[in-house]
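Notes for the one structure printed next.
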């Protein structure tokens, strides 16, 4: 079947797309199996991987990439060969439901479009499935130890990326009505190159590169004039951005939405915690 008909074929099969959304480091991958069990979801898309049960069917993880730009492209299937590999694997599978994991609604919708799947019909936020205490613990581990989770057994990750495997863990899934009694899942703890905790302080050049990418994705008319980042005592960053914008250009969202999007991009692919993001807009023309 020609992949150009993937979207129509998915609709014809009655495929339902779900999304699990939350800021970087809040435990989305960790909780993905819980969500999949609750809604009887067959497949998971997570950071460039197509996952079925305990197996990686196709793709490669963004956590293998050594810099944030490569990780961004991997996570949203920007590379044609990578995208085609996952789409071809989807065509071979019999499934009714698929879960896409991302840091924002914008991101999961972009992934669905790239893979020619229907838009998510149900968006689940991490706060719906994890307590505030669990989220805070996950974020602390992410930003102090640089640890991430891939929701498959370590043997699956070791086959293609042994250098990022740090440890494995088994998670008991015994909540009534959500998973079978005494059912457990193995997850792999990894330390990606782009978020290792012992890395040097993020340079202004790298930070500027991240912001330019995020702004270009969000609104290509906006131009980045200046980016400054200050590291706080707790290891987090305060970021200030100056943008240039044509006088008559209409911004289709609020500044707070733009701040949130840029913050998520920096946190996810820079492996740092952003305490605040301030944006100043200069008009021209």
Next on the checklist: Looking at (1) modelled with pLDDT of 60 or more; (2) assigned to a loop (DSSP other than H, G, I, E, B), which one does residue 181 not meet, given that it meets all the others?
Outcome noted: (1)
Checklist entry - Being more than 17 Å from the chain's Cα centre (by Cα) and either surrounded by fewer than 21 Cβ atoms within 10 Å (Cβ to Cβ) or part of a helix (DSSP H, G or I) (or both), is that true of even one residue in the stretch 60-73? => result no
Item to check | Residue satisfying condition, being touching a helix residue (DSSP H, G or I) at 6+ places or on another chain (Cβ under 8 Å) and either more than 21 Å from residue 78 (Cβ to Cβ) or modelled with pLDDT of 85 or more (or both), within set 235, 252 | outcome: 235
Checklist entry - Does residue 51 qualify as being touching a helix residue (DSSP H, G or I) at 6+ places or on another chain (Cβ under 8 Å) and either free of Cβ contacts under 8 Å to residues at least 24 places away in the same chain or assigned by TED's automatic domain parsing to the domain that holds residue 14 (or both)? => result no
Checklist entry - Which residues, taken from the stretch 229-250, are exposed (fewer than 14 other Cβ atoms within 10 Å of the Cβ) and outside any loop (DSSP other than H, G, I, E, B)? => result 230, 231, 246
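The values are calculated or read from the model by the stated rules, or taken from the named source; none is laboratory data. Computed from a predicted model, the values in this text were never measured in an experiment. Cβ coordinates were reconstructed from backbone atoms using ideal geometry, including for glycine residues, and neighbour counts include every protein chain displayed.
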